[in-house]
Amino acid sequence: MTDDRMPILIGCGQLTQRTAQAGKYEDSLDPLQLLTEAATRALADTGASDKLKPLIDNISVVRFTADSSEAGRLPIGQYTNAPRSLGLRIGAKARREYYTAAGGNTPQYLVNRTAEEIANGETTVALLAGSEDLATMIGALTKGIQLKWGEDAGGEPTQIGENRRGANDIERAHALYFPVNAYPLFENGIRGHKGRNVRDHQLAIGRLFSPFTKVAAANPYAWFPTFRTPEEIATPGDNNRYVGFPYTKYMNAIIQVDMAAAVVMTNVKTARELGIPESKWVYLHGCADANDIWHVSERVNYYSSPAIRTMGQKAFAMAGKTVADLSFIDLYSCFPSAVEIGCAELGLAEDDPRGLTVTGGLPYFGGAGNNYVMHSIVTMMEKVRAKPGSFGMVTANGWYVTKHALGIYSTTPVKGSWKREDPKTYQRDIDGMAHPQIEARPEGEGVVETYTVMHDRGGPKMGIVIGRLSDGKRFLAHTPSDPATLSDLMEREMLGRRGLVTPGDKTNLFVPQ
């Protein structure tokens, strides 16, 4: 007999709004309207919407990207209590109103956290939802269209999740608070670890991501439902310029989308009492949350993730399963390096015949800001429901391979009671790992550990280097920005190159030999 308090997911819904793609920004639903529609669909999916609404005692909303930018808040109205605003629209009054920290890990983190609350008897029915309206917002701002967004519903939601800034002052000075600048550093680190030259590695990335585009092409919710060949993804061109070397545009998450998704969770006892069919029930068999060493500049290296490795071990042990037992997989895919590191740490082949995404991934399905993984979870629920007894895994990633969450889903009932290991118990081991320290004002000879060359529409504009000094300390620096130097960084092997680094008022300078 399944424990009465066993947490289950019983409803899911998602939508993609395409008005911005047509330039009809005034016709777009605002972020709260998108949230409401996704929540309505998730509740309807349970078959017991009207019965559930009075029982909802937990409304959790994933932080809007416009309310969480490292670069500063964007110029639109704010929703001061999004969970309460959502509750007012669907006719629910929750005693727990949660608003998450920023980060792509938060939807899975929410499911893990809420499952624990349900198992402990602290929550009966929970609605978890998120939306992103960045395509409309940015398009409208570009056109000078005033958006009348925002609402003060009264009160303040409880802030949950890890709210620390993603980058320290040294990293911010060297422009590493933008994910688009940071992830290429991991990519070149992975390339060096695998011993590949740039072109061979780019083609390998193309082979990795082409199957993602195939999934997106068949997904009615995908922002870019277009199949692309490996060569098309890997080859720079007029429509596929470099962004952060070695990444072309087709390798980058696309954040300017209008999307929303939501799930409903409860316990087995409540689901039975409401008559929700067991065919709707999805169990969370295993889960875990972990952070890597917080600052990119202090990571153990740029090709691994001790947090993903540990998280995978804990979640699969909890589920009593291995990766071989999975039928469906969705690895967080903001950039190729996130997928490559996830595969390496979880024991998956990069060409796994099961596929590595159920949605199409962030560059092709759409990188719905902090909320992409809610779409992964919704899609995973649909997959395991359609194949009863199957298992699926979702991974989530926030900041710069920094914050992680994982969930293992199935319609197969969990035996016994539901209990997960407290993430704090294994986080201590990760935090205590030996790792390089950063030298804020480096001077002398240095060796390149990893690097990137950032581009704009006009071409290369900035070289970023992470390197080691003779004493083993790390340094961050920019390179000279003249065209000859930037071209040389891309044409010659930069990994392991020596040069001179000098401190500056704001940014350090590395001149390669």
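Details
- Among the conditions (1) touching a residue at least 24 places away in the same chain (Cβ under 8 Å); (2) surrounded by fewer than 16 Cβ atoms within 10 Å (Cβ to Cβ); (3) outside any loop (DSSP other than H, G, I, E, B), Arg428 misses just one, which is (1).
- At least 3 residues being farther than 30 Å from Ala307 by Cβ and assigned by TED's automatic domain parsing to the domain that holds Cys287 is the threshold, and among the helices (runs of 4 or more DSSP H) wholly inside segment 66-152 those reaching it are 82-90, 134-143.
- Leu346 being modelled with pLDDT of 95 or more and either closer than 19 Å to Asn181 by Cα or surrounded by 22 or more Cβ atoms within 10 Å (Cβ to Cβ) (or both): yes
- The numbered conditions (1) in contact with a helix residue (DSSP H, G or I) (Cβ under 9 Å, 6 or more places away or on another chain); (2) closer than 30 Å to Pro442 by Cα are all true for Arg172 except (1).
- Residue within segment 268-280 that is surrounded by 23 or more Cβ atoms within 10 Å (Cβ to Cβ), part of a strand (DSSP E or B) and modelled with pLDDT of 95 or more present: no
- Residue within segment 486-504 that is among the hydrophobic types (A, V, I, L, M, F, W, C), under 30 Å from Ala101 (Cα atoms) and surrounded by fewer than 16 Cβ atoms within 10 Å (Cβ to Cβ) present: no
- Residue in segment 441-452 that is modelled with pLDDT of 95 or more and over 30 Å from Leu509 (Cβ atoms) present: no
- Filtered residues of segment 291-302 (kept if assigned to a loop (DSSP other than H, G, I, E, B) and not basic (Lys, Arg)): Asp292, Ile293, Trp294, His295, Val300, Asn301, Tyr302
- Residues (closer than 15 Å to Tyr25 by Cβ, hydroxyl-bearing (Ser, Thr, Tyr) and at pLDDT 95 or above) located in segment 120-143: Thr136
- Residues in segment 137-159 include none that are surrounded by 24 or more Cβ atoms within 10 Å (Cβ to Cβ) and in contact with a helix residue (DSSP H, G or I) (Cβ under 6 Å, 6 or more places away or on another chain).
- Unique match (being closer than 19 Å to Leu127 by Cα and out of contact with any Pro (no Cβ under 8 Å at 6 or more places or on another chain)) among Val257, Val296, Val264: Val264
- Qualifying residue in segment 49-57 (condition: out of contact with any Pro (no Cβ under 9 Å at 6 or more places or on another chain), part of a strand (DSSP E or B) and modelled with pLDDT of 95 or more): yes
- Test: Ala66 is in contact (Cβ under 8 Å) with a residue 24 or more places away in the chain and farther than 20 Å from Gly366 by Cα: no
- Of residues in segment 223-262 being among the charged types (D, E, K, R) and outside any strand (DSSP E or B), the one surrounded by the fewest Cβ atoms within 10 Å (Cβ to Cβ): Asp238
- Of all the residues in segment 36-48, those that are part of a helix (DSSP H, G or I) and either of a type in the set (A, V, I, L, M, F, W, C) or not assigned by TED's automatic domain parsing to the domain that holds Ala82 (or both) number 5.
- Residue within segment 250-260 that is over 29 Å from Val282 (Cα atoms) and touching a Phe, Trp or Tyr at 6+ places or on another chain (Cβ under 6 Å) present: no
- Criterion: in contact with a strand residue (DSSP E or B) (Cβ under 8 Å, 6 or more places away or on another chain) and either over 27 Å from Lys383 (Cα atoms) or among the acidic types (Asp, Glu) (or both) - qualifying residue of Thr16, Thr80: Thr80
- Residue in segment 464-491 that is farthest from Phe178 (Cα to Cα), counting only those that are in a strand (DSSP E or B) and without any contact (Cβ under 8 Å) to a residue 40 or more places away in the chain: Leu469
- The set of residues in segment 373-426 that are polar (S, T, N, Q), closer than 26 Å to Thr65 by Cβ and touching a Pro at 6+ places or on another chain (Cβ under 9 Å) contains only Ser376.
The values are calculated or read from the model by the stated rules, or taken from the named source; none is laboratory data. Remember, predicted model here, so these are calculated numbers, not experimental data. Quick reminder, even Gly has a Cβ in these numbers, built from the backbone with ideal geometry, and neighbours come from all protein chains shown.
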